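The block underneath contains the structure these notes are about, expressed in structure tokens.
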Amino acid sequence: MIKIGIIIGSTRPGRNGENVARWVHDLAVKRDDAHFELIDLAGFALPHLDEPMPAAMSQYAHDHTRAWSEHIASFDGFVFVTPEYNHSTSGSLKNAIDYLYDEWQDKAAGLVSYGVDGGVRAAEHLRQVLGQLKVADVPAQVALSLQHDFEGFTVFRPAERQEAMVATMLDQVVAWSSALKPLRTAA
């Protein structure tokens, strides 16, 4: 069965991302076409990139990198839940992505973004990064507005229509992850 990781892309105290990712996960586990698992970057405690060799070399000097590598390599696809900070994704998510190279390749990804304007600029920056890593990002995206999907900008209350967006995005992530499996097997 296809295995999809839902990555909480913020480590900030008081983050909204954990509630958003749990909501996505709760919707995802009702499906029977894939196994879905939450991945909390805060639990991996990755310092600012501290590997002496480029990630493309796959020569990891630190235990935290090897643990992160093993975990990410076990997935067929991902859903990235990203906040928008200053028109981009979070530094912690970018850092976690930059730790690895081969482990991301030939996998699919969906994006769930949140921010003042739905986090769309963060999602666009993330698409550029993922493209460089040969991650196939699906076109369906969930964009959550701090004004319309959160009460007082902090309490997550997604609009009803957002569930349909999550379903469409997950349909694409599962389909693309399955379609890319021969490439991962060949590698």
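The values are calculated or read from the model by the stated rules, or taken from the named source; none is laboratory data. Worth saying up front: this structure is predicted, and the values here are computed from it rather than measured. Here the Cβ is made from the backbone with ideal geometry for all residues, glycine too, and neighbour counts use every protein chain on show.
For this structure, a couple of remarks:
- Any hit, the stretch 104-113, residues being assigned to a helix (DSSP H, G or I) and aliphatic (A, V, I, L, M): no
- A residue that is modelled with pLDDT under 95 and surrounded by fewer than 17 Cβ atoms within 10 Å (Cβ to Cβ) can be found somewhere in the stretch 13-23.
- Residue in the stretch 152-164 that is of a type in the set (A, V, I, L, M, F, W, C), surrounded by 13 or more Cβ atoms within 10 Å (Cβ to Cβ) and either under 17 Å from Ala34 (Cα atoms) or in contact with a His (Cβ under 9 Å, 6 or more places away or on another chain) (or both) present: no
- Subset of the stretch 127-143 [closer than 18 Å to Val166 by Cα and part of a helix (DSSP H, G or I)]: Arg127
- Residue in the stretch 154-172 that is in a loop (DSSP other than H, G, I, E, B) and within 30 Å of Asp50 (Cα to Cα) present: no
- Where Gln141 falls short, out of the listed (1) of a type outside the set (Asp, Glu); (2) under 14 Å from the mean Cα position of the chain (by Cα); (3) within 19 Å of Ser74 (Cβ to Cβ): (3)
- Of the residues making up the stretch 39-87, those that are surrounded by fewer than 18 Cβ atoms within 10 Å (Cβ to Cβ) and under 20 Å from Ile4 (Cβ atoms) are Asp40, Ala42, Gly43, Phe44, Ala67, Glu70, His71, Ala73, Ser74.
- Count of residues meeting criterion [of a type in the set (Ser, Thr, Tyr) and touching a strand residue (DSSP E or B) at 6+ places or on another chain (Cβ under 7 Å)] in the stretch 136-187: 2
- The set of residues from the stretch 3-17 being touching a helix residue (DSSP H, G or I) at 6+ places or on another chain (Cβ under 7 Å) and assigned to a loop (DSSP other than H, G, I, E, B) comprises Gly9, Ser10, Thr11.
- Filter pass, Leu93 being in contact (Cβ under 8 Å) with a residue 60 or more places away in the chain and either over 28 Å from Arg161 (Cβ atoms) or surrounded by 15 or more Cβ atoms within 10 Å (Cβ to Cβ) (or both): yes
- Residues within the stretch 24-63 that are under 14 Å from the mean Cα position of the chain (by Cα) and either more than 25 Å from Asp76 (Cβ to Cβ) or not aliphatic (A, V, I, L, M) (or both), tallied: 4
- Whichever residue in the stretch 53-86 is in a loop (DSSP other than H, G, I, E, B) and either polar (S, T, N, Q) or modelled with pLDDT under 95 (or both) and, among such residues, is farthest from Arg184 (Cα to Cα): Asn86
- Residues located in the stretch 18-52, provided they are out of contact with any strand residue (DSSP E or B) (no Cβ under 6 Å at 6 or more places or on another chain), hydrophobic (A, V, I, L, M, F, W, C) and not in a helix (DSSP H, G or I): Ala45, Leu46, Leu49
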